[in-house]
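Asker: What follows is a single structure, and I will ask about it in a moment.
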Amino acid sequence: MTDRAPLHGIESIYESKYSNEVSLHTDAKVIPTTHDRPGFFAWHREYLRIMEIALGCSIPYWDTTPDHAMNDPTESIVWSDKYFGNGYGVVQTGIMKNLPTLLPIIRNINNAAWLVSKDDIKMALKKPTLFEFTESSPCAKEDRTQYSWECFHKGIHDWISGTIGPSNTTTFDPIFFPIHAFIDKVFEIYRQKLISKGIDPAETYPTKSIKNHGPDHKMIWVPIFPDVEHLTNRQGYGHELAALTKYSFGPVCPHCMNSDDLYCDVSRQLCVSKERKEKDKSVITTIATMTPTGIVFTDTLEPDNHTRVKRLIERTGKFPFGKKFNVGSRDSRTRNDGTSVI
Ligand SMILES: [Cu+2]
């Protein structure tokens, strides 16, 4: 059994291990059977488990609600050397820097969409049946009350943007895994809610509008791990798989896990992330220039804000990332300035 702990309190995530397991997600055959329908929850649940076996350690979950609760979530301590690293441009700080990934990790936080809030979670957990909880076709509409839990998750991808935005590159930013562990945690809360009402989630796997996502559809794993057992989607909703993971409680007032990086906003009864430190508000960027005498490297200290992304585009051109998730609503605090192509 793995014990998935919340992000706060865990200071190292992947250490030095990160390899091609990420391509399990990005394969063109895999994407249609793992997104936009109930198979999403089954496949991603098993994927987290495979990743944990490959890493030899458990993945913490990133509960985004303390960041959403800030006045300015872009200044959260998670965008610092202690956690995920810088939020704009190429990731050069934090526990995810210098990973041997095939694509650069690039971010452009807060341009679009949203981070999941406590209200979003409440809204998702109120869905009357698994069908409503998992049905994702209205994500492109503005009305958030119509959103499935999968829709809410798409907002996090698009809020961070860059490498994690499109499904064909998303896993190359390892922040993918703490996000998906959080999504899976809420899926588990919903599953337990059904069980407490005497409903078996595997038995009631949605069978309405489930093209490519049928209950007996076997999850696809490109053959990196030839021995991986191909569970069915229904098994992905079942007790046996769920029993392999346990989630610790997330941050709640008044103690907010006694974390140095959270505080309790008593009036709203919400744990809120603290701001990153001054030293984390800029990043040293090394630029290579060709000169007649050879390559010259110059170090510049750039503020970790949106201008860093603009300069990156000027220097290297737009990155050939695929299509982002199509979500209709956005947090009014996002920039929405059209640079979400990165
Ligand atoms: Cu995702």
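Asker: Sort out which residues of the stretch 113-141 are modelled with pLDDT of 95 or more, of a type in the set (Gly, Ala, Ser) and surrounded by 22 or more Cβ atoms within 10 Å (Cβ to Cβ), and write them in order of number.
Answerer: Hit for the stretch 113-141 is 124, nothing else.
Asker: Continuing with the same structure: Restricting the stretch 154-201 to residues that are closer than 24 Å to residue 141 by Cα and of a type in the set (D, E, K, R), which is modelled with the highest pLDDT?
Answerer: 184
Asker: Let me ask something else about it. Can you pull out every residue in the stretch 160-177 that is assigned to a helix (DSSP H, G or I), within 12 Å of the ligand (Cβ to nearest atom) and touching a Lys or Arg at 6+ places or on another chain (Cβ under 8 Å)? Walk me through how you get there before you give the answer.
Answerer: Initial filter on the stretch 160-177 (assigned to a helix (DSSP H, G or I)): 160, 162-164, 170-172, 176-177.
With the extra rule that they be within 12 Å of the ligand (Cβ to nearest atom), the set shrinks to 160, 164, 170-171, 176-177.
160, 164 - these are the residues of the stretch 160-177 that are assigned to a helix (DSSP H, G or I), within 12 Å of the ligand (Cβ to nearest atom) and touching a Lys or Arg at 6+ places or on another chain (Cβ under 8 Å).
Asker: Does residue 200 satisfy the criteria of being among the charged types (D, E, K, R) and within 16 Å of the ligand (Cβ to nearest atom)?
Answerer: Working: among the charged types (D, E, K, R): yes; within 16 Å of the ligand (Cβ to nearest atom): no.
Considered against the rule, which asks whether it is among the charged types (D, E, K, R) and within 16 Å of the ligand (Cβ to nearest atom), residue 200 comes out as no.
Asker: Which condition number does residue 191 fail, the rest of (1) within 11 Å of the ligand (Cβ to nearest atom); (2) free of Cβ contacts under 8 Å to residues at least 60 places away in the same chain being met?
Answerer: Among (1) within 11 Å of the ligand (Cβ to nearest atom); (2) free of Cβ contacts under 8 Å to residues at least 60 places away in the same chain, residue 191 violates only (1).
Asker: Still on this structure, I have one more. Just to check your reading of the model, which residue among 266, 272 is surrounded by 13 or more Cβ atoms within 10 Å (Cβ to Cβ), closer than 30 Å to residue 76 by Cα and modelled with pLDDT of 95 or more?
Answerer: Values: 266 fails: surrounded by 13 or more Cβ atoms within 10 Å (Cβ to Cβ).
Just one listed residue meets the conditions, 272.
Asker: So, one more: Among the listed residues 183, 109, which satisfies the condition of being closer than 23 Å to residue 270 by Cβ, within 13 Å of the ligand (Cβ to nearest atom) and not aromatic (Phe, Trp, Tyr)?
Answerer: Within the list 183, 109, the selection yields 183.
Asker: Within the stretch 142-163, which residues are of a type in the set (Lys, Arg) and buried (at least 21 other Cβ atoms within 10 Å of the Cβ)?
Answerer: Initially, the stretch 142-163 is screened for residues of a type in the set (Lys, Arg), giving 144, 154.
Residue satisfying the conditions is 154 alone.
Asker: Looking at the stretch 200-219, can you tell me whether even one residue there is aromatic (Phe, Trp, Tyr), over 26 Å from residue 306 (Cβ atoms) and surrounded by 18 or more Cβ atoms within 10 Å (Cβ to Cβ)? Walk me through it before giving the result.
Answerer: At the first step, the residues of the stretch 200-219 found to be aromatic (Phe, Trp, Tyr) are 205.
Checking which are over 26 Å from residue 306 (Cβ atoms) leaves us with 205.
Now restrict to residues that are surrounded by 18 or more Cβ atoms within 10 Å (Cβ to Cβ): 205.
Within the stretch 200-219 (the criterion being aromatic (Phe, Trp, Tyr), over 26 Å from residue 306 (Cβ atoms) and surrounded by 18 or more Cβ atoms within 10 Å (Cβ to Cβ)), the answer is yes, since at least one residue qualifies.
Asker: A follow-up question, please. Would you check if there is a residue in the stretch 114-126 being over 30 Å from residue 198 (Cα atoms), in contact with a helix residue (DSSP H, G or I) (Cβ under 6 Å, 6 or more places away or on another chain) and either free of Cβ contacts under 8 Å to residues at least 12 places away in the same chain or not polar (S, T, N, Q) (or both)? Even if it seems obvious, please write down each step before you answer.
Answerer: Let us first name the residues in the stretch 114-126 that are over 30 Å from residue 198 (Cα atoms), namely 114-115.
Next, from what is left, pick out any that are in contact with a helix residue (DSSP H, G or I) (Cβ under 6 Å, 6 or more places away or on another chain): 114-115.
The next check asks that each one be either free of Cβ contacts under 8 Å to residues at least 12 places away in the same chain or not polar (S, T, N, Q) (or both); those that pass are 114-115.
Checked against the condition, which is being over 30 Å from residue 198 (Cα atoms), in contact with a helix residue (DSSP H, G or I) (Cβ under 6 Å, 6 or more places away or on another chain) and either free of Cβ contacts under 8 Å to residues at least 12 places away in the same chain or not polar (S, T, N, Q) (or both), the stretch 114-126 yields at least one hit.
Asker: Please state which one of 61, 83 is farther than 29 Å from residue 240 by Cβ and crowded, with 24+ Cβ neighbours inside 10 Å. It would help to see each step written out before you state the result.
Answerer: On the way: 61 fails: farther than 29 Å from residue 240 by Cβ.
Exactly one of 61, 83 is farther than 29 Å from residue 240 by Cβ and crowded, with 24+ Cβ neighbours inside 10 Å, namely 83.
Asker: Find the strands (runs of 3 or more DSSP E) located wholly in the stretch 215-299 whose residues include 3 or more that are in contact (Cβ under 8 Å) with a residue 12 or more places away in the chain and aliphatic (A, V, I, L, M), and list them. First the steps, then the outcome.
Answerer: Working: elements: 245-247, 262-265, 270-273, 282-291.
Result: 282-291.
Asker: Could you list all residues from the stretch 245-294 that are hydroxyl-bearing (Ser, Thr, Tyr) and more than 24 Å from residue 92 (Cα to Cα)?
Answerer: First, the residues of the stretch 245-294 that are hydroxyl-bearing (Ser, Thr, Tyr): 245, 247-248, 259, 263, 267, 273, 282, 285-286, 289, 291, 293.
Once the filter is applied, which keeps residues that are hydroxyl-bearing (Ser, Thr, Tyr) and more than 24 Å from residue 92 (Cα to Cα), the stretch 245-294 yields 245, 247, 248, 259, 263, 267, 291, 293.
Asker: Report whether or not residue 227 is at pLDDT below 90 and either under 24 Å from the mean Cα position of the chain (by Cα) or over 17 Å from residue 148 (Cα atoms) (or both). Give the steps one after another, and end with the answer.
Answerer: Values: at pLDDT below 90: yes; either under 24 Å from the mean Cα position of the chain (by Cα) or over 17 Å from residue 148 (Cα atoms) (or both): yes.
Yes: the conditions hold for residue 227.
Asker: Output yes when any residue across the stretch 91-98 is surrounded by 24 or more Cβ atoms within 10 Å (Cβ to Cβ) and either within 28 Å of residue 260 (Cβ to Cβ) or more than 12 Å from the ligand (Cβ to nearest atom) (or both), and no when none is.
Answerer: First pass over the stretch 91-98, keeping only residues surrounded by 24 or more Cβ atoms within 10 Å (Cβ to Cβ): 91.
From the residues that got through so far, the ones that are either within 28 Å of residue 260 (Cβ to Cβ) or more than 12 Å from the ligand (Cβ to nearest atom) (or both) too are 91.
Yes, the stretch 91-98 contains a residue that is surrounded by 24 or more Cβ atoms within 10 Å (Cβ to Cβ) and either within 28 Å of residue 260 (Cβ to Cβ) or more than 12 Å from the ligand (Cβ to nearest atom) (or both).
Asker: Is one or more of the residues making up the stretch 149-159 within 13 Å of the ligand (Cβ to nearest atom), in a loop (DSSP other than H, G, I, E, B) and under 11 Å from the mean Cα position of the chain (by Cα)? Write out each step before concluding.
Answerer: Looking only at the stretch 149-159, we keep the residues that are within 13 Å of the ligand (Cβ to nearest atom), and these are 149-159.
Now narrow it down to the ones that are in a loop (DSSP other than H, G, I, E, B): none.
No, the stretch 149-159 contains no residue that is within 13 Å of the ligand (Cβ to nearest atom), in a loop (DSSP other than H, G, I, E, B) and under 11 Å from the mean Cα position of the chain (by Cα).
Asker: Out of all the residues in the stretch 42-75, which are within 17 Å of residue 257 (Cα to Cα) and under 17 Å from the mean Cα position of the chain (by Cα)?
Answerer: Scanning the stretch 42-75 gives 60, 61, 62, 63, 64, 65, 66, 67.
Asker: From the list 71, 111, 98, which residue is within 30 Å of residue 307 (Cα to Cα), in contact (Cβ under 8 Å) with a residue 60 or more places away in the chain and polar (S, T, N, Q)?
Answerer: Values: 71 fails: in contact (Cβ under 8 Å) with a residue 60 or more places away in the chain; 98 fails: in contact (Cβ under 8 Å) with a residue 60 or more places away in the chain.
The match here is 111.
The values are calculated or read from the model by the stated rules, or taken from the named source; none is laboratory data. The shown structure was predicted, so the numbers you read here are calculated from the model rather than taken from an experiment. No Cβ is skipped: glycine too gets one built from the backbone with ideal geometry, and neighbour counts run over all protein chains shown.
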